[in-house]
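S.K.: Before anything else, here's the structure in question.
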Amino acid sequence: METGEIGEIAHSAPAQQVYTMGSKKADIQVNVAGIRRTVKNLAHNYSDAQVKVREATSNDPWGPSSTIMSEIADLTYNVVAFTEIMQMVWKRLNDHGKNWRHVYKALMLLEYLIKTGSEKVASQCKENIFVIQTLRDFQHIEDSHDQGLNVREKAKQLVSLLKDDEKLKNERVRALKAKERLAQAQNSLSSDVAHSTTDERGRNRMHSSVSSELENARPQTIGEEELQLQLALAMSREEADQEEARKRSDDVRLQLALSQSQEECKQPQAQASASAWPTSPSSPTPQSHMLDLLDISPEPVADAFDLNFDSANKPSQV
């Protein structure tokens, strides 16, 4: 291995190790923050709605999930929960400095509630719009990055939305339809998963039932196995005898059918012979019957040779 390659490996290995250690450190910090937030929720006896708001607007380095924001929006239609939610949102908006994520996520949640929550959210925001307007000048620099930029831009968008009633109305209609479609898709997916799970359970139960029946049918001892073998042989012989008997019965029926067919063929021939003209010598022929009717006795006819001879020997008369 060349010296340059060794140097590159030696240089990249610590960097990778530092990245891994940094990632683990961030995970530990997030876990510690979650534990601290849980303890504070218990210490201040926050309600379920307030706990959800705190979770959606936490300092964790990711945005609030659509699921938890949808749950909070549904809770705004409850009078008690609405008051608790808005109190926690205004408290988050008043944070500053290193808690800039509290402010930015609170603005994101507030925009979602204005579009999909109770109409009282927009009404209260219009009454306290100056709190949101002040956030257009939010400042915070962290690691040479202007983290206040996102807060300022979101505050401007929200103020513009609250001041335009027509736009607010259209945005609410569009957002509510999208939320409804999403809920229907989730319900359909859940029902399909439940149906497939039920079918799978049914198939498993059927398979286990068949398996148990087969297991119960198996012989437990050598004596039972021999008994089942003898029964199987006896049943096989009985089936073979029944098949042979059926074949014999079929042969007998076939012979009877052939004999009956031959007899039926002979009967028309006998009837035809009985109705034909008699051919014995004693019976008169049709020609004699005709002569009797005409009363004519036929004379013997001379041979043509004799007639010619007589005429030749007879002297001619002059």
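S.K.: Go through the residues of the stretch 171-178 one by one and say whether even a single one is over 22 Å from R101 (Cβ atoms), open to solvent by 30 Å² or more (accessible area, probe 1.4 Å) and outside any helix (DSSP H, G or I). Step through it out loud before you land on a result.
M.R.: Taking the stretch 171-178 as the starting set, the residues that turn out to be over 22 Å from R101 (Cβ atoms) are 171-178.
Then drop every residue that is not open to solvent by 30 Å² or more (accessible area, probe 1.4 Å), which leaves 171-174, 176-178.
Filter once more, so that each one left must be outside any helix (DSSP H, G or I): none.
No, that holds for no residue.
S.K.: What pairs come up if the first residue lies in the stretch 52-76 and is in a helix (DSSP H, G or I), the second is open to solvent by 10 Å² or more (accessible area, probe 1.4 Å) and modelled with pLDDT under 90, and their beta carbons are under 7 Å apart, counting only those six or more places apart or on different chains?
M.R.: R54/R37; R54/N41; S70/K179
S.K.: Another question about this same structure. Does at least one position in the stretch 223-236 carry a residue that is surrounded by fewer than 10 Cβ atoms within 10 Å (Cβ to Cβ), outside any helix (DSSP H, G or I) and at pLDDT below 70?
M.R.: Looking through the stretch 223-236, none of the residues is surrounded by fewer than 10 Cβ atoms within 10 Å (Cβ to Cβ), outside any helix (DSSP H, G or I) and at pLDDT below 70.
S.K.: I'm checking my understanding of the structure. Among residues of the stretch 155-170 that are open to solvent by 80 Å² or more (accessible area, probe 1.4 Å) and more than 19 Å from N94 (Cα to Cα), which one is nearest to the chain's Cα centre (by Cα)?
M.R.: Here is the first cut: in the stretch 155-170, the ones open to solvent by 80 Å² or more (accessible area, probe 1.4 Å) are 156-157, 163, 165-167, 169.
Those still in the list that are more than 19 Å from N94 (Cα to Cα) too: 163, 165-167, 169.
On the way: K163: 49, D165: 46, E166: 44, K167: 42, K169: 40 Å.
Only one residue fits best here, namely K169.
S.K.: Of all residues in the stretch 85-122, how many are buried (at least 20 other Cβ atoms within 10 Å of the Cβ), of a type in the set (K, R) and closer than 26 Å to Q139 by Cβ?
M.R.: The number of residues fulfilling the criteria is 3.
S.K.: Here's a follow-up. Filter the stretch 129-154 down to residues that are part of a loop (DSSP other than H, G, I, E, B) and surrounded by fewer than 14 Cβ atoms within 10 Å (Cβ to Cβ) and give me whichever is modelled with the lowest pLDDT. Give the derivation first.
M.R.: As a first pass, look at the stretch 129-154 and keep what is part of a loop (DSSP other than H, G, I, E, B): 138-140, 143-144, 147.
Checking the rest, the ones that are also surrounded by fewer than 14 Cβ atoms within 10 Å (Cβ to Cβ) come to 139, 143-144.
Details: Q139: 92, D143: 85, S144: 88.
Applying the filter and picking the extreme gives D143.
S.K.: What do you reckon, is N31 open to solvent by 30 Å² or more (accessible area, probe 1.4 Å), modelled with pLDDT under 95 and under 45 Å from the mean Cα position of the chain (by Cα)?
M.R.: yes
S.K.: Identify all residues within the stretch 61-70 that are open to solvent by 70 Å² or more (accessible area, probe 1.4 Å) and either modelled with pLDDT of 95 or more or among the hydrophobic types (A, V, I, L, M, F, W, C) (or both); write none if there are none.
M.R.: W62
The values are calculated or read from the model by the stated rules, or taken from the named source; none is laboratory data. What you see is a predicted model; the values in this text were computed from it and never measured. Using ideal geometry, Cβ is built from the backbone for each residue, glycine included, and neighbour counts are taken over all protein chains shown. Protein only, heavy atoms only, side chains kept; ligands, DNA and RNA dropped before computing areas. Shrake-Rupley method; radii C 1.70, N 1.55, O 1.52, S 1.80 Å.
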